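Participant: Got a structure for you, written out below as structure tokens; questions coming shortly.
Nothing in this text is a laboratory measurement; each read-out follows from the coordinates by a stated rule. Everything numeric in this text was worked out from a predicted model, so none of it was measured. Positions of Cβ are generated from backbone atoms using ideal geometry, with glycine treated the same way; all protein chains shown enter the neighbour counts.
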Amino acid sequence: MILVVGATAHFGRQTVEALATAGHQVRALSRTPESAGLPAGVEVVRGDLTQAESLAPALSGVNALFLVLPYQMDPAPILRAAQDAGVRRIVFLSSGAVVDGAAEQPDVIAAYHYGVEQAIKATGAEWTFLRIFFPAINSLSFAMQLGGGDVVRGPYAGATSAPVHEGDVAAVAARVLTGDAHAGQVYELTGPESMTQAEQVGVLGSALGRSLSFEEIDDQPVRAQLGQFMDPAFINALFDLMAATAGRPAAVNSLVEDITGRPARTYAQWAADHVADFG
Ligand SMILES: NC(=O)c1ccc[n+]([C@@H]2O[C@H](COP(=O)([O-])OP(=O)(O)OC[C@H]3O[C@@H](n4cnc5c(N)ncnc54)[C@H](OP(=O)(O)O)[C@@H]3O)[C@@H](O)[C@H]2O)c1
């Protein structure tokens with residue numbers, strides 16, 4: 001039995017679907033199983049990562065665990081429950097911000113994910129870390145602006161990424177959870193092409209049948225505005241990571257294809273898959 005944590009959001013949901021489609025026994029954790037909306041045949045169990053006592057039933061009989069944790073969620077209760085249940089394999093959706101071998105992680109995003117990675121290693125289970133950087137799903141943040149016009153305004157028009165499709169992350173996760181060749185591996189998953197933010201908005205426009213553009217604005221007011229309702233350290237880390245990519249093509253690799261046997265989906269494919277989200 002495989003347990004997926006974060007099973008009702010982007011990455012976990014598609015992982016559950018990929019595992020179920022491939023015929024694996026999969027269980028999904030949710031605080032609200034009644035509204036999980038997962039495929040028939042998937043066992044959905046109630047559990048809360050902040051309530052240790054709710055986790056033991058979810059882990060009963062589980063041999064592999066996929067962890068997609070909300071940012072800053074304490075992993076200790078779920079890892080303790082996994083250890084108690086004798087879970088053999090843990091796969092974690094981590095961040096490309098982590099710097100291996102650094103005396104100190106460069107920012108709060110890296111530090112959080114590095115800390116979880118270390119805690120997983122300390123359980124003694126087989127582990128695999130899937131690290132991602134600026135996944136395509138982040139473009140959903142453009143939707144609100146595009147409801148009111150054809151221009152996305154934001155800092156760093158030239159920031160680059162190789163946006164990976166959440167379906168490809170899920171396909172890799174499903175293979176890693178069920179295959180035997182991935183223990184102790186760190187996979188930095190990328191999409192197939194490096195693109196700037198401005199280029200992404202152009203491709204999104206083609207999918208939506210609209211002429212969209214990206215207008216660069218000063219980052220400082222945006223940092224200040226977002227920092228009012230999100231952790232300012234997180235916003236600054238995110239923006240610093242974006243700023244550092246400007247003018248440099250993002251790294252692209254073939255890991256998605258190597259592991260799944262299918263080429264990584266393009267950003268154009270992602271945009272076509274998400275037209276309804278920009279309706
Ligand atoms: N976006 C990026 O740029 C990026 C980059 C690198 C890594 N990542 C990783 O991806 C993660 C985000 O993944 P996501 O967007 O798929 O998920 P998310 O939106 O951050 O989290 C929502 C999911 O977490 C579950 N959840 C939240 N609180 C819970 C609790 N107390 N107990 C049990 N489950 C709880 C929710 O389940 P229910 O509501 O059903 O309970 C839901 O499935 C990040 O935290 C990060 O680790 C993201």
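Participant: Where the centre of each part is set by its Cα atoms, how far does the range 89-128 sit from the range 1-52, in angstrom?
Facilitator: Cα centroid of the range 89-128 versus Cα centroid of the range 1-52: 23 Å apart.
Participant: I need the Kirkwood Rh of the range 91-162: take the reciprocal of the average 1/r across all distinct C-alpha pairs and report it in angstrom.
Facilitator: 14.6 Å
Participant: Let me ask another. Please give the per residue volume of the convex hull enclosing the alpha carbon atoms of the range 132-223, rounded to a whole number of Å³.
Facilitator: Considering the Cα atoms of the range 132-223, their hull volume per residue is 118 Å³.
Participant: What value in Å³ per residue do you get for the convex hull of the alpha-carbon atoms in the chain?
Facilitator: Cα-based convex hull of the chain, divided per residue, equals 137 Å³.
Participant: Per DSSP H run of at least 4 residues, take -39500 (n - 2.57); add these up for the chain, divide by its residues and hand me the 222 nm value, nearest 500 deg cm²/dmol.
Facilitator: -11000 deg cm²/dmol
Participant: When the Kirkwood radius is taken over all Cα pairs of the range 47-106, what Stokes-Einstein diffusion coefficient follows at 25 °C and 0.890 mPa s, in µm²/s?
Facilitator: D, rounded to a whole number, is 192 µm²/s.
Participant: Right, something else. Along Cα→Cβ, 7 Å out, is where each label goes; now give me the distance between the ones at Q220 and A251 in nm to one decimal.
Facilitator: 3.3 nm
Participant: Taking the Cα centre of the chain as origin, work out the dipole magnitude from +1 charges on Lys and Arg Cβ and -1 charges on Asp and Glu Cβ, in debye rounded to 20.
Facilitator: About 540 debye.
Participant: When the chain is modelled as a GNM with alpha-carbon springs shorter than 10 Å, which of V222, V256, V172 fluctuates the most?
Facilitator: V222
Participant: Can you work out the FRET efficiency for the pair E43 and A76, with r the C-beta to C-beta distance and R0 = 30 Å, to the nearest 0.05?
Facilitator: 0.75
Participant: For R210 and E53 in one chain, what is 0.36 nm times their gap in residues minus the Cα-Cα distance, to one decimal in nm?
Facilitator: 51.5 nm
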